[in-house]
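Okay, so here's the structure we're looking at.
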Amino acid sequence: MRPMVELIKPGVDCSFAVRRFEETGWPMRWHAHPEHELTLIVGGDGRRFVGDSIEPFAPGELVLLASNLPHCWQAPRKRKKWCQSVVAQFRDDCFGAGYFDLPEHKPIRRLLARAERGLLFPAGEVTSAMANMEHLPPQRRPAALTDLLLTLAAESSRPLASDGYTQPSRQRDVLRIDRVSRWLTAHYLEPISLNEAANVAHLNPASFCRFFRRHTGRGFLAYLHELRIGHACRLLMETEQPVIDAAMASGFHNLAHFNRLFRRLRGMTPRAFRRWHRTPGNLARS
C-alpha cells in the first residue's frame, strides 16, 4: 500500500508541532511525512505499523520515527475517547540549519539515524517528560525537545522495522509535496491560483491535482480552505475583528462562501464559534 503524505502545520509562533490526540479509535491510515516524529501512547491498544513491522501497542510506550518512515497506529472505534497520544513532529532544520549537526548534538544525529527503522522505548521517566511537553509555553519547547532527544540517545531502545527494510522509492514525491506545503504556508493568505501551485510542483494543473490528491488524500483547494479557515479561527478567538474583516484577512473575498465553508469545517457559524470559545468553561470541557 502506498503511504499518504501527511502535511503538518506547526502552529502559530512554533517551530515544530506538539499535539495531543484524543479519539474514539484510530483507523488504518498508512502515511509518512518529512518530519521526524516522537509518539507517546497515553491510552488505547491495538496494532502499530512501522515500515515492515506489525506489533501490538499499549499505553506508556514511546516511539521515535525518522522522517519519511511510513507508519500508523490502529485501534478499534468505541463510544468513548479511549485512544490518546502526545505527538511531537519536527524537521531537521526546525531550530535553524545545522542545529542537530552541532558537536554537542552528535548523540541526537546518531539517534535520528538509528530511528530510520523506528525505535521503541519502554515506559519510564522519559515518557513523563514527553507528556509534559504539551503543557510548556512555546518558547520553552525547543530546549525541552533537545533535552529529551539527548536523554533518549542514552536510553536503551529496540528497532522496529527489520534490518533489511528499505523505504519505498518515493523521495522525489515527498520533496515535491514538501515544497508545495512550504510555499502554501508562506502564501496562503494571498490570492493563489491553481496554476501557481502547479508551477511550484513543476507539473501542469491537471497532473498537479491528481498528484496532490493521490499523495495527501485530499484536494488542493480543500487543503487551502483548511489553512485559511484555521487562520480565521485564530482571529475570531484572539481579536475583536468583525466576521467580515476576519474573512477578508484570511484570504476570502466572499462572505457567503466563507460562512458556508466555516460551517462545513467547524460545524457552526463564525459568530457561534466566537461565542463558544468565549464562554467560560467551554475550553476546559473540550
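No lab work stands behind these numbers, since they all come straight from the coordinates. Fair warning: this is a prediction, and the values are worked out from it, not measured in the lab. Note: ideal-geometry Cβ built from the backbone for every residue, glycine included; neighbour counts use all protein chains shown.
Toward the positive end of the charge dipole of the chain, about the Cα centre and with charges on Cβ (Lys, Arg +1; Asp, Glu -1), which of PRO142, HIS277, PHE262 goes farthest? Comparing the listed Cα positions along the dipole, PHE262 ranks first.
Would you give the gap between the C-alpha center of segment 64-86 and the C-alpha center of segment 1-52, rounded to a whole Å? After rounding, the separation between the Cα centres reads 6 Å. On a per residue basis, the convex hull of the C-alpha atoms belonging to segment 55-170 measures out at 142 Å³. Amide H to amide H, with H built 1.01 Å from N, VAL42 comes under 5 Å of GLY60, GLN84, SER85, VAL86, counting only residues 5 or more places away or on other chains.
Any idea which of PHE90, PHE212, MET133 is furthest toward the positive side of the dipole for the chain, if Lys and Arg beta-carbons carry +1 and Asp and Glu beta-carbons -1? It is PHE212, whose Cα lies furthest towards the positive end. When only alpha carbons of segment 41-101 are considered, Rg and Dmax amount to 14.4, 46 Å. Taking the helices alone, the chain has a mean residue ellipticity at 222 nm of -12500 deg cm²/dmol, built from -39,500 (n - 2.57) per DSSP H run of at least 4 residues and averaged over all its residues. With all pairs of separate Cα atoms included, segment 94-153 yields a Kirkwood hydrodynamic radius of 12.5 Å. Fewest-first ordering of MET130, MET248, MET4 by other beta carbons within 10 Å of each residue's beta carbon gives MET248, MET4, MET130. Listed by chain and number, the lysines placed with their C-alpha closer than 30 angstrom to that of LYS106 are LYS9; residues fewer than eight positions away on the same chain are left out. Its Cα centre serving as origin, segment 48-150 has a Cβ charge dipole (Lys and Arg +1, Asp and Glu -1) of approximately 540 debye. Taking only the Cα atoms of the chain, the ratio Rg/Rh comes out at 0.97, with Rh defined as the Kirkwood radius. The calculated P(r) of segment 1-66, using every Cα pair and 5 Å bins from 0, goes 4, 13, 22, 29, 21, 9, 2, 0 in percent. Reducing segment 210-238 and segment 114-180 to their Cα centroids gives an inter-centroid distance of 26 Å.
What is the Rg over Rh value, at two decimals, for segment 223-266, using alpha-carbon atoms and the Kirkwood definition of Rh? Radius of gyration over Kirkwood radius for segment 223-266 works out to 0.91.
Taken about its Cα centre, the chain carries a charge dipole of about 1300 debye when Lys and Arg each add +1 at the Cβ and Asp and Glu each add -1 at the Cβ. GNM on the chain, alpha-carbon springs under 10 angstrom: the most fluctuating residue among LEU203, LEU145, LEU40 is LEU203.
With Cα atoms as the point set, the radius of gyration and Dmax of segment 171-277 evaluate to 15.1, 45 Å. Positive-end ranking of THR185, GLN74, PHE49 along the dipole of the chain, with charges on Cβ about the Cα centre, is headed by GLN74. Taking amide H as placed 1.01 Å from N in the peptide plane, LEU7 has no amide H partner under 5 Å among residues 5 or more places away or on another chain. Looking at segment 195-286, which GluC sites (Glu not before Pro) are in a loop (DSSP not H, G, I, E or B) and have at most 15 other Cβ atoms within 10 Å? Answer by residue number: GLU240.
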